[in-house]
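Chemist: Below is a structure I'd like to ask you about.
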Amino acid sequence: MPITVRNIRNPADGDLASGESINAALRELSDLLDMQQHLPFMLSADNMTQLLYSAVAFNAAASVWCAVGTSTNSGNSISRTLTPGVAVDSGFVREYQPVGTAAQIASGINDWSSTASGHGAADLVDVCVGPSDLFVAVGQTGTLKTSPDGAAWTAQAAAGGYTGTFNSIAWNGAVLAAVGTSGQIQTSSNGTAWTARTPGSGYSGAFNRVRWDGTVFIAVGNDGEIQTSPDGITWTVAWRGVAGNASCALIVGADNMNEVGAAVLARMSVSLDHGVTWTALTVPNIGALTFRDVAYCQNSDTFCIVGSFTSASASTGAALILMGNPQRENWMLVDDPKRSSNGSSAGAFGVGSDGRRFCVTYFRFAATDQGNIYFSSPSLGRRV
């Protein structure tokens with residue numbers, strides 16, 4: 001989040017304050033910057049046993065967050081919502097006021113709803129906000145669902161009886177585009193009636209993410225596949241990468257588009273011309289990386305990439321949270337917020353933004369698998 005430096009003036013005459021006052025203000029700013037290095041994320045939902053949330057989205061019209069995923073115990077899909085409360089200005093950073101019971105507020109945990117039931121056994125994989133401010137979630141076995149509030153969901157039928165996995169969904173203000181395995185692309189204007197579309201050049205691999213950049217849809221998939229479409233109907237191959245290198249996540253913002261890959265080789269690329277040409281970026285050298293999702297925060301012109309990594313100090317796997325900007329390549333690593341002393345592996349799975357802060361879903365594989373949800377505070381992390 002950006003830091004707002006207050007004007008340093010004498011309240012009596014409006015002139016610049018004394019050097020001592022300026023030094024005091026600079027010390028205050030230095031303390032805030034130091035805080036940024038150590039308090040990158042605030043806990044929002046803690047120790048959700050065997051609940052893995054793979055994606056999260058914010059509905060600005062309803063002021064509601066919605067996280068979707070699966071239960072590692074029952075295999076049933078799950079969803080959970082949070083109404084974040086009233087936005088307040090702390091003097092430096094505009095932030096949400098905590099909500100929930102007194103005990104929850106005291107512990108820093110927001111009041112997320114109970115897990116919604118009735119989704120069935122198909123995992124929910126991604127969620128976005130679409131027509132009429134509906135949440136639209138997609139997942140396994142051709143699952144398509146809509147909800148006005150993230151609590152009550154209605155199942156919709158995929159076109160052509162598709163039973164593969166929808167991996168991602170995006171909305172451009174007029175059309176929803178859902179992509180998935182076997183080169184599947186389907187579109188809808190209302191979230192109810194869906195039509196199958198043909199991918200460019202007969203692509204039959206898995207599309208893993210789709211996003212709208214303000215001009216075109218961009219879908220990324222296995223073997224570095226990237227396709228674009230101005231309307232969700234006609235798709236064109238923009239780039240074909242290296243076999244075995246799965247492009248897994250993509251997001252756009254501030255005329256930047258960031259494609260993140262994971263599999264044989266973790267890689268990052270950026271496009272400034274709506275997916276036509278791509279430039280490889282330097283991947284931070286912090287270990288073996290797996291990228292899963294990426295989001296953009298307009299307020300701070302910052303991207304957040306999430307996943308997991310292994311290194312000499314995190315041999316069993318730790319959550320990866322990178323924050324920065326791909327053009328400046330100023331990535332900062334946020335330390336794994338819940339890494340346990342017993343060395344159980346963990347990872348960050350989904351990230352969303354409301355334009356002012358990030359929401360990250362986290363999961364730790366242990367004797368009792370535990371999911372957590374975090375919101376970014378006015379901080380970044382440590383530079384890598």
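Read the figures in this text as sums done on the coordinates, not as results from a lab. Since the model is a prediction, treat every value here as computed from it, not as a measurement. Cβ: placed from backbone, ideal geometry, glycine included. Neighbour counts: every protein chain shown.
Chemist: Near the amide H of residue 64, under 5 Å away, which other amide H atoms are found, from residues 5 or more places off or on another chain, if H is placed in the peptide plane?
Modeler: The list, which skips near neighbours in sequence, is 59.
Chemist: Another one. What is the calculated FRET efficiency for residue 157 to residue 133, with r their C-beta to C-beta distance and R₀ = 22 Å, to the nearest 0.05?
Modeler: On the way: r = 22 Å, r/R0 = 0.99.
That gives a FRET efficiency of 0.50.
Chemist: With point charges of +1 on the Cβ of Lys and Arg and -1 on the Cβ of Asp and Glu, referenced to the Cα centre of the range 123-255, which listed residue (203, 128, 175) lies farthest in the positive direction of the dipole?
Modeler: Of 203, 128, 175, it is 203.
Chemist: Using a Förster radius of 30 Å, what is the FRET efficiency between residue 223 and residue 288 based on their Cβ-Cβ separation? Nearest 0.05, please.
Modeler: On the way: r = 20 Å, r/R0 = 0.67.
That gives a FRET efficiency of 0.90.
Chemist: Place the peptides 141-150, 300-309, 276-285 in order of packing, highest mean first, counting for every residue the other Cβ atoms within 10 Å and averaging per peptide. If you can, show how the numbers build up before the last one.
Modeler: Values: 141-150: 20.9, 300-309: 23.5, 276-285: 13.7.
Listed from highest to lowest mean packing, they are 300-309, 141-150, 276-285.
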